[in-house]
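Colleague: One structure coming up, written as structure tokens, with questions to follow.
Derivation of every value follows stated rules applied to the coordinates shown; laboratory data play no part. Fair warning: this is a prediction, and the values are worked out from it, not measured in the lab. Neighbour counts run over all protein chains shown; Cβ positions are idealised from the backbone, glycine included.
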Amino acid sequence: MAVESLVGDIAPKPGSTILVTGAAGGLASIVSDQLSEEFRLVGVDPRPMPYGRNFPGAFHMVDYAHRKMADVFRRYQFSAVLHLGRVAATSGLSRSARYNVNVLGTRNLLSLSRKYRVRRVVVFSTFHVYGAHQHNHLHLTEDEPLRASQIFPELSDAIELDNFARTFSLQYPEVSTLILRPVNVVGSKIQNEISRLLRGEYVPKLLGYDPMLQFIHEVDVARALRLALDSSRSGVYNVAGEGIVPWSTAIELAGGVALPIPHLLLYPLVGALSPISRIPKHLIDYFRYPVILKDQGFRRDFGFAPSVNTVDALASVRGGRGR
């Protein structure tokens, strides 16, 4: 896809301009509003900007893997790249389309970052790359193997994105590259699958299972990303909020009603429940087995502490439509 739109153009100035991918998403909206007070921003996304939302800077609708991305890099001479543009398995795109965006797109963005001397790259990954297994360690560190694709191939592109970013950070230390693996991100502006599930009146809970889960509020994720941009550290970091709660408690705190469903019947039934009709198979195992991350490294190295506790984070999911 070529550059199809340009909104709010800005005059290029080296050293003070940040590229934000996934600029049409809810998280990018939160982060960009904060960063715009200090930096010039350029947003890119294969999707159009949602109606009624204005990006605080120039916006280009362009595929990350398209050769036109080089024109964007050449024009603005970015000091940093904030890669929020990973496409989730729940996006509705085909596996090949997700591969093009997540893997080929990320490779192109990182290659261009090196070519055009970008000093800082932050890649927003996901804790789903670890996979949900009954034999997982109690607290997963950043050194754990990424096993999600062993059972669910639809996550292979997310793992390849993460692996490529890690390899790039080691091969090209002149580009300070940081990979963040957040737990479940929730909030009123976030449109990921876990938030959509929790906004439903009836939320599925596997009969006989009530795993412990971690959540982090959208505002704290934005803070974590800002801390990451301000640092020169490289490597991989888990990012989590405050506290761990059972899934049944999370449902209650979000204002929903737990709907117990036998494991073998869950996937055939979710299509009848409109708020969760797109629940992917790989999420079902996260409602069976706990995936708890150890996040002390990010807290220590970046001075990070969540400002929103888990109770308030879950209560905010419905925005003004809560109980």
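Colleague: Within a Cβ distance under 13 Å of residue 249, other residues only, what is the Lys/Arg minus Asp/Glu net charge?
Modeller: -1
Colleague: Roughly speaking, what is the stretch gain from residue 143 to residue 315, that is 0.36 nm per residue apart minus the C-alpha to C-alpha distance, in nm to one decimal? If you can, show how the numbers build up before the last one.
Modeller: Working: separation 172, 0.36 × 172 = 61.92 nm, distance 3.25 nm.
Value of the extension gain: 58.7 nm.
Colleague: Then there is this: Taking GluC sites (Glu not before Pro) as exposed when DSSP calls them loop (any state but H, G, I, E, B) and at most 12 other Cβ atoms lie within 10 Å, what is the longest stretch of the chain free of them, the sites themselves excluded? Write down the numbers at each step before the final one.
Modeller: Values: sites that count: 4, 37, 38, 174, 201.
Result for the longest clean stretch: 39-173.
Colleague: Kindly provide the pair-distance distribution of the chain built from C-alpha pairs, with 20 Å bins from 0 and whole-percent values in order of increasing distance.
Modeller: 33, 59, 8
Colleague: Oh, and also: Restricting to Cα pairs below 8 Å that are 6+ residues apart, what does the relative contact order work out to for the range 53-154? Please round to a whole percent.
Modeller: Numbers: 84 pairs, mean separation 31.8, N = 102.
This gives 31 percent for the range 53-154.
Colleague: Related question: Provide the net charge surrounding residue 131, with neighbours chosen by a C-beta distance below 10 Å and charges set as Lys +1, Arg +1, Asp -1, Glu -1.
Modeller: Working: positive: 147; negative: 144, 285.
Local charge sum for residue 131: -1.
Colleague: I would also like to ask the following. Find how much the distance from residue 264 to residue 307 grows on full extension, using 0.36 nm per residue of separation minus their present alpha carbon separation; answer in nm with one decimal.
Modeller: Working: separation 43, 0.36 × 43 = 15.48 nm, distance 3.86 nm.
Taking residue 264 through residue 307 to full extension adds about 11.6 nm, to one decimal.
Colleague: Express the relative contact order of the chain as a whole percentage, based on alpha carbon pairs under 8 Å and six or more residues apart in sequence.
Modeller: 18 percent
Colleague: Say each of residue 116 and residue 93 gets a label point 7 Å from the Cα, pointing the same way as Cα to Cβ; how far apart are those two points in nm?
Modeller: 2.0 nm
Colleague: How big is the charge dipole of the chain about its Cα centre, in debye rounded to the nearest 20, if each Lys and Arg gets +1 on its Cβ and each Asp and Glu gets -1 on its Cβ?
Modeller: The dipole magnitude comes to about 640 debye.
Colleague: Springs between alpha-carbon atoms under 10 Å, Gaussian network over the chain: tell me which of 161, 207, 229 tops the mean-square fluctuations.
Modeller: Among 161, 207, 229, the largest mean-square fluctuation in the Gaussian network model of the chain belongs to 207.
Colleague: Hull surface divided by four, with the convex hull built on the Cα atoms of the range 66-118: how many nm²? Intermediate results must be reported in sequence, preceding the final value.
Modeller: Values: hull surface 14.7 nm².
It is 3.7 nm².
Colleague: Let me ask you something else. What is the Cα convex hull volume of the range 165-234 when expressed per residue in Å³?
Modeller: Working: hull volume 8.4 nm³, N = 70.
Hull volume over Cα atoms, normalised by residue count, gives 120 Å³.
Colleague: First select every other residue whose beta carbon is under 13 angstrom from the beta carbon of residue 117; then total the charges, Lys and Arg +1, Asp and Glu -1. Please report the intermediate quantities before stating the final value.
Modeller: Working: positive: 74, 114, 115, 119, 120; negative: 174.
Neighbourhood net charge equals +4.
Colleague: For the chain, what is the percent of antiparallel DSSP beta bridges, rounded to the nearest 5? Intermediate results must be reported in sequence, preceding the final value.
Modeller: Details: 4 of 41 bridges.
Of the beta bridges lying entirely in the chain, close to 10 percent run antiparallel.
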